[in-house]
Amino acid sequence: MIRDVHIADRPRERLIRQGADSLSNQELIAILLRTGTKEASVLVLANRILSTFDKIQDLKYATIEEMTSVKGVGKAKAVQLLAAVEIGKRLYRQHSEGRYVIRSPEDAAAYLMADMASLNQEHFVALFLNVKNEVLHKQTVFIGSLNSSIVHPREIFREAVKRSAASIIVSHNHPSGNPAPSPEDIEVTKRLTEAGSIMGIDVLDHVIIGDHKFISLKEKGYM
């Protein structure tokens with residue numbers, strides 16, 4: 001229990017003494033929860049919450065139902081956490097003016113080139129954009145040879161819906177350095193474009209990155 005932890009090592013006392021950035025995710029969540037239950041300390045509750053979500057960033061999209069599904073977390077504690085998450089989201093939005101805007105295939109390639117041009121394996125990446133074509137999120141969908149049976153539209157569009165994206169751009173690299181599209185590249189592009197049309201989320205382009213050069217499948221007429 002938290003009372004068994006030396007007072008100097010308790011999260012609130014450590015925050016006061018050492019600053020918030022010295023605390024772990026578990027300790028920060030424990031402070032927001034304030035108390036535990038008869039069966040579990042506040043640190044145990046905090047750890048249960050972290051174990052429920054794949055990563056702490058996923059708390060941005062948590063619902064009251066998901067929070068209260070964690071054993072020991074009632075509505076009051078869930079509301080405290082969601083309120084703190086919302087404050088963080090609003091603070092972040094104050095700096096959203098700095099988001100990268102993609103207006104052309106060149107913009108997309110410039111955004112991706114530094115990370116993808118020198119990779120030794122193929123990486124398939126999705127960029128999720130808002131209505132202003134600003135990048136909301138970048139996500140590596142999978143690593144390995146591109147195959148239409150591996151790239152599942154549902155995984156990409158589930159994330160797009162989660163991010164409230166208006167459109168997406170997909171991209172992958174060719175370790176050979178030659179960005180010329182393969183039949184598999186074209187097939188994947190067609191599948192994603194068709195799925196996007198059904199979902200109402202435009203697939204703006206599929207950009208293939210080579211050795212510091214790229215090809216836009218949109219420009220090539222494959223979309």
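The values are calculated or read from the model by the stated rules, or taken from the named source; none is laboratory data. Quantities reported herein were computed from a predicted structural model and do not represent experimental measurements. Glycine also receives a Cβ, built like all others from the backbone with ideal geometry; neighbour counts cover every protein chain displayed.
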Practice problem: Select from the stretch 56-76 the residues that are farther than 26 Å from R10 by Cβ and assigned to a loop (DSSP other than H, G, I, E, B) and write down the one among them that is modelled with the highest pLDDT. | Solution: S69
Self-check item: Options F128, F142; residue that is modelled with pLDDT of 95 or more, of a type outside the set (G, A, S) and in the same structural domain as A165 (by TED's automatic domain parsing)
Solution: F128
Quiz prompt | V85 being touching a Gly at 6+ places or on another chain (Cβ under 9 Å), in a helix (DSSP H, G or I) and modelled with pLDDT under 95 | solution = no
Exercise. Please specify each residue of the stretch 56-83 satisfying the condition of being among the charged types (D, E, K, R) and in contact (Cβ under 8 Å) with a residue 40 or more places away in the chain.
Key: K77
Quiz item: A165 fails exactly one of the following numbered conditions: (1) under 23 Å from G144 (Cα atoms); (2) small (G, A, S); (3) buried (at least 19 other Cβ atoms within 10 Å of the Cβ). What is the number of that condition?
Solution: (1)
Quiz item: Restricting the search to the stretch 50-76, which residues are under 25 Å from the mean Cα position of the chain (by Cα) and of a type in the set (D, E, K, R)?
Solution: D54, K55, D58, K60, E65, E66
Practice problem: For the stretch 187-223, enumerate the residues that are closer than 16 Å to V125 by Cα and more than 26 Å from the chain's Cα centre (by Cα). | Solution: none
Self-check item: In the stretch 99-108, the residues that are touching a residue at least 12 places away in the same chain (Cβ under 8 Å) and more than 14 Å from I168 (Cα to Cα)
Solution: R99
Exercise. Check the stretch 184-201 and report whether any residue there is in contact (Cβ under 8 Å) with a residue 12 or more places away in the chain, assigned to a helix (DSSP H, G or I) and among the small types (G, A, S).
Key: yes
Quiz item: Hey, among N47, N25, which residue is surrounded by fewer than 15 Cβ atoms within 10 Å (Cβ to Cβ), assigned by TED's automatic domain parsing to the domain that holds K75, within 27 Å of the chain's Cα centre (by Cα) and at pLDDT 90 or above?
Solution: N25
Self-check item: Subset of the stretch 22-55 that is without any contact (Cβ under 8 Å) to a residue 12 or more places away in the chain and not in a loop (DSSP other than H, G, I, E, B) - its residue that is farthest from Q139 (Cα to Cα)
Solution: S22
Exercise. Go through the stretch 1-19 and give me each residue that's at pLDDT 90 or above and either touching a Leu at 6+ places or on another chain (Cβ under 7 Å) or among the aromatic types (F, W, Y) (or both).
Key: L15
